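Down below is the structure, laid out as C-alpha cells.
Here, each number is a calculation from the coordinates, and none is a lab measurement. These numbers come from a predicted model, not from an experiment. Cβ placement follows ideal geometry from the backbone for every residue including glycine, while neighbour counts extend to all protein chains displayed.
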Ligand code: IMP
C-alpha cells in the first residue's frame, strides 16, 4: 500500500481491507443474533453515498430476511463537518411500521445519525437502531446509543472503503488517513 493523492491532499495507508471486513463480519454476527427470530423483516437504511460499500459488505454476511432502503444526507464539505445536516434526497421507500437499522460509514459529531433517527421516527418507523462501520469516540459526545460499532478510530480525516474527500477516494479497498 502506498500513499495516494486526492485533489490537493495526500493520504497514507491506515486500515487494510482485511481488518475492515473482519470488523464488518463482527457487526453482521451481532445483527444475526439480534434479528434471527424477528417476525417482520427489518429495513437496512443505507446512508448514501459513503455507506454504500459498507452496507453491501454487511448485507452479504447477514442470514435473515431484510429490505434495503436508501437516503442521501450531507453535513460534510471538504474535510470538515458543517454542523448542519441536509436532507438532500428523501427516503427511497416508506419506513412506516418497520424496524430500521441505519447503516452509517462513520459517526463523527453524530449530527447525521441524530437527525436521521428523528426523521425516521417522524416517518413512523417502529424502531430505529444505529449501525456504524467506524466511530470517532473523541468527537462523538451525543447521548444517543450506538447499537453496533465496527471499529473505533482516532480523530483524523480518512478516505477509502466508500469514504471520500470532495467525492474522490471512495473506490479504494483500504482506508487511508490524511498525511499532515
Ligand atoms: P457526523 O454527522 O459529524 O457524525 O458526520 C458523519 C458523516 O460525515 C459521515 O457519514 C461521513 O459522510 C462524513 N465524515 C465524517 N468523518 C469523515 C472522514 O474522516 N472522512 C470522510 N467523511 C467523513
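Apply the Debye scattering formula to the stretch 79-180, with a single equal point scatterer on each alpha-carbon and no solvent, then give log10 I(q)/I(0) at q = 0.12, 0.13, 0.23 Å⁻¹. Taken in order of the listed q values, log10 I(q)/I(0) reads -0.44, -0.51, -1.36. Modelled this way, with points 7 Å down the Cα-to-C-beta line, the labels at residue 144 and residue 121 are 1.0 nm from one another. The average projected area of the stretch 99-154, computed from the convex hull of its Cα atoms over all directions, is 3.4 nm². Set the Förster radius R0 to 45 Å, insert the Cβ-Cβ distance between residue 96 and residue 2 as r into 1/(1 + (r/R0)^6), and round the FRET efficiency to 0.05. For residue 96 and residue 2, the calculated efficiency is 0.40.
For the chain, set up a Gaussian network in which alpha carbons nearer than 10 Å are linked by springs, and say which option among 119, 135, 31 fluctuates the most. Of the options given, 119 has the highest mean-square fluctuation.
Using the Cβ-Cβ distance between residue 37 and residue 156 with R0 set to 30 Å, the FRET efficiency works out to roughly 0.15.
For residue 18 and residue 171, what does the FRET efficiency come to when R0 = 22 Å and r is the distance between their Cβ atoms, rounded to the nearest 0.05? About 0.80, to the nearest 0.05. Estimated from helices alone, the mean residue ellipticity of the chain at 222 nm is -7000 deg cm²/dmol (sum of -39500 (n - 2.57) over DSSP H runs with n ≥ 4, per residue). The convex hull drawn around the Cα atoms of the stretch 1-65, when projected onto a plane and averaged over every direction, covers 5.5 nm².
Using Cα-only point scatterers and the Debye equation, what is log10 of I(q)/I(0) for the chain at each q in 0.13, 0.15, 0.20 Å⁻¹, rounded to two decimals? For the requested q values the scattering log ratios are -0.63, -0.84, -1.47. The spacing between the stretch 90-115 and the stretch 1-59, judged by their C-alpha centroids, is 15 Å. Springs join every pair of Cα atoms under 10 Å in this Gaussian network model of the chain, and among 153, 20, 106 the largest mean-square fluctuation is at 153. Look at the alpha carbon pairs under 8 Å that are at least 6 residues apart: their mean separation over the length of the chain gives a relative contact order of 26 percent.
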